[in-house]
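Colleague: Before I ask anything, here is the structure I am working with.
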Amino acid sequence: MRYVEVLIPAGRQSDVRSILDDEGVNYVVSHEVSGQQYTAAVRFPLPSEAVERVLDRLTQAGISGDGSIVVVDAETIVSEDVDRLHAEYGPDGPGGGRI
């Protein structure tokens, strides 16, 4: 399991949310108030097999160049949503077992 945090640059929040909605990812958005170049941070758990696909889509939307993406190992995530994503992105799913 992985826990992902994305710092979203100005004007890109809609793109990020659309990608995550399209992928069926349950996420939380926190609005940035420090006055930096980011407008929000979005956080979400993902099965390891889903990380590459989701990050590829975020990168194609221009997030990696202007934003910041952090992926960390998660010891435990308790969520029915994660179970559904595991079933979808398992070794036989679109992620193909890669990270």
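Colleague: Could you grab the Rg to Rh ratio for region 1-45? Cα atoms only, Kirkwood for Rh.
Modeller: Expressed as Rg/Rh, it is 0.97.
Colleague: Sticking with this one: Quick one: length gained pulling residue 88 to residue 76 fully straight, 0.36 nm per residue minus the C-alpha distance?
Modeller: 2.4 nm
Colleague: Test of understanding: extend the Cα→C-beta vector of residue 60 to 7 Å, then name every residue of region 19-53 with backbone N under 17 Å from that spot.
Modeller: 19-25, 50-53
Colleague: Separate question: Where does each of 40-52, 22-34 land if you order them by average Cβ count within 10 Å, highest first?
Modeller: For the peptides 40-52, 22-34, the packing ranking is 40-52, 22-34.
Colleague: So what's the convex hull volume per residue for the Cα atoms of region 2-89, in Å³?
Modeller: Spread over its residues, the Cα hull of region 2-89 gives 89 Å³ apiece.
Colleague: Normalised by the number of residues in region 2-89, what is the relative contact order in percent for Cα pairs under 8 Å and 6+ residues apart?
Modeller: After rounding, I find 42 percent.
None of the figures in this text is laboratory data; all of them are computed from the coordinates on show. Just so it is clear, the structure is predicted and the values come from calculations on it, not from any experiment. Positions of Cβ are generated from backbone atoms using ideal geometry, with glycine treated the same way; all protein chains shown enter the neighbour counts.
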